Amino acid sequence: MIVYFSGTGNSRWCADLLANRLQDEVLDSFGYIQNGIAADLISGKPWVFVCPTYAWKIPHIFEQFIRSGSFMGEQEAYFVLTCGSDVGGAGAFLDELCKSVGLRYMGILEVVLPENYVAMFPIPNEKKSARMFEKARPILEEAAAHIEARRPLPGKAPTSFDRLKSNAVNKVFYKHFITAKPFTVSNKCIGCGKCAKECVLNNVTMQNGKPVWGANCTHCMACICGCPTEAIEYGLMSRGKRRYQAPRYK
Ligand SMILES: Cc1cc2nc3c(=O)[nH]c(=O)nc-3n(C[C@H](O)[C@H](O)[C@H](O)COP(=O)(O)O)c2cc1C
Ligand code: SF4
Ligand code: SF4
């Protein structure tokens, strides 16, 4: 079973490609996380967990989803991490994570796709983004062949700098950089409520027809990138930047 989390669609695109290639089921963890439901799942094929990279690790909310869940049937677990540049030493933590839920770690695949972090970095234009998806296809196809044959994924060993990024820097990043405080909404807002509905942590509520952000944010970028009128800004950091949404897999 392919189980994914995705803020702006890159990881969903990979999950759908793998499901198609492996003729396997695909499951979105969104509803489980948003409603605080522990996963209780069974699969007759290897588990494939697909998600974005947040500060050189899997997102804490997806890690928590896996830790609190029950994944029965097959034990092999593969990880596919989409990223804007690199996953650092993310793989080093996944072995322990697998053991804690009774799975067998089979490796990690790094898939470079368009950066979605509009609150922090530049977003590639549409042409460059399209090229990145084309480049990702054969990488995912090759990984699918390994998964089908139940072979470990041939990943590269993390350097000590990679480990530093995924460990100490990840902690600092979550503590000091992940905050919803800079989110603002302009008068372009039409009060549609999409941002509230699409927040995996229910951190956006509609008050007097406008969104208000709470303190429980994971910086998935779904609210700011999904707004149909581009009414949401993240302080000055998002000004003038393209809002990112991945295409649907075809
Ligand atoms: C909070 C946050 C942290 C990120 N950290 C990293 C990172 O450490 N390394 C990296 O290469 N990309 C990083 N990115 C970029 C995303 O991992 C990348 O764009 C991903 O494909 C988005 O996936 P999604 O569309 O499925 O949400 C980060 C993005 C966000 C929003
Ligand atoms: S998605 Fe955009 S337009 Fe809709 S309520 Fe949120 S901010 Fe307003
Ligand atoms: S408030 Fe926005 S960025 Fe934060 S978790 Fe919710 S949807 Fe994601």
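The values are calculated or read from the model by the stated rules, or taken from the named source; none is laboratory data. Because the structure is a prediction, the values reported are computed rather than measured. Please note: Cβ atoms are built from the backbone with ideal geometry, for glycine as well, and neighbour counts cover all protein chains shown.
In the set G91, G44, G7, which member is within 16 Å of ligand 1 (Cβ to nearest atom) and modelled with pLDDT of 95 or more? Can you show your working first?
On the way: G91 fails: modelled with pLDDT of 95 or more; G44 fails: within 16 Å of ligand 1 (Cβ to nearest atom).
When all the criteria are applied, what remains is G7.
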- Task: Check whether at least one residue in the range 167-179 is away from ligand 3 (no atom under 16 Å from the Cβ), hydrophobic (A, V, I, L, M, F, W, C) and surrounded by 12 or more Cβ atoms within 10 Å (Cβ to Cβ), and report yes or no.
- Result: yes
- Task: Check E115, E96, E110 and return the single one that is free of Cβ contacts under 8 Å to residues at least 60 places away in the same chain, touching a Ser or Thr at 6+ places or on another chain (Cβ under 9 Å) and under 30 Å from R67 (Cβ atoms).
- Result: E110
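If only one of P247, P158 is buried (at least 16 other Cβ atoms within 10 Å of the Cβ), more than 22 Å from I61 (Cβ to Cβ) and either in the same structural domain as L17 (by TED's automatic domain parsing) or in contact (Cβ under 8 Å) with a residue 12 or more places away in the chain (or both), which one is it?
Of the residues listed, the single one that is buried (at least 16 other Cβ atoms within 10 Å of the Cβ), more than 22 Å from I61 (Cβ to Cβ) and either in the same structural domain as L17 (by TED's automatic domain parsing) or in contact (Cβ under 8 Å) with a residue 12 or more places away in the chain (or both) is P158.
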- Note on the structure: Checked the range 175-203 for anything away from ligand 1 (no atom under 16 Å from the Cβ) and of a type in the set (A, V, I, L, M, F, W, C); matches are V185, C189, I190, C192, A196
- Message: Would you confirm, using the coordinates I've provided, whether N203 is within 12 Å of ligand 3 (Cβ to nearest atom), more than 21 Å from S11 (Cα to Cα) and crowded, with 17+ Cβ neighbours inside 10 Å?
- Response: yes
- Among the residues of the range 98-121, the number that are part of a helix (DSSP H, G or I) and exposed (fewer than 15 other Cβ atoms within 10 Å of the Cβ) is 2
- Query: Consider P124 against the criteria (1) over 15 Å from L153 (Cβ atoms); (2) part of a strand (DSSP E or B): it satisfies all of them except one. Which criterion is unmet?
  - Reply: (2)
- Would it be correct to say that T179 is without any contact (Cβ under 8 Å) to a residue 60 or more places away in the chain, closer than 20 Å to Q34 by Cα and of a type in the set (V, I, T)? yes
- Message: Would you confirm whether or not the range 124-145 contains a residue that is within 16 Å of ligand 2 (Cβ to nearest atom), surrounded by 21 or more Cβ atoms within 10 Å (Cβ to Cβ) and in contact (Cβ under 8 Å) with a residue 12 or more places away in the chain?
- Response: no
- Message: I'm told M120 meets every condition in (1) within 16 Å of ligand 1 (Cβ to nearest atom); (2) more than 24 Å from V80 (Cβ to Cβ) except one. Can you identify the failing condition by its number?
- Response: (2)
- Message: On the basis of being modelled with pLDDT under 95 and in a loop (DSSP other than H, G, I, E, B), does A157 make the cut?
- Response: yes
- Query: Only one of Y78, Y54 is under 23 Å from Y174 (Cβ atoms) and of a type outside the set (G, A, S); which?
  - Reply: Y54
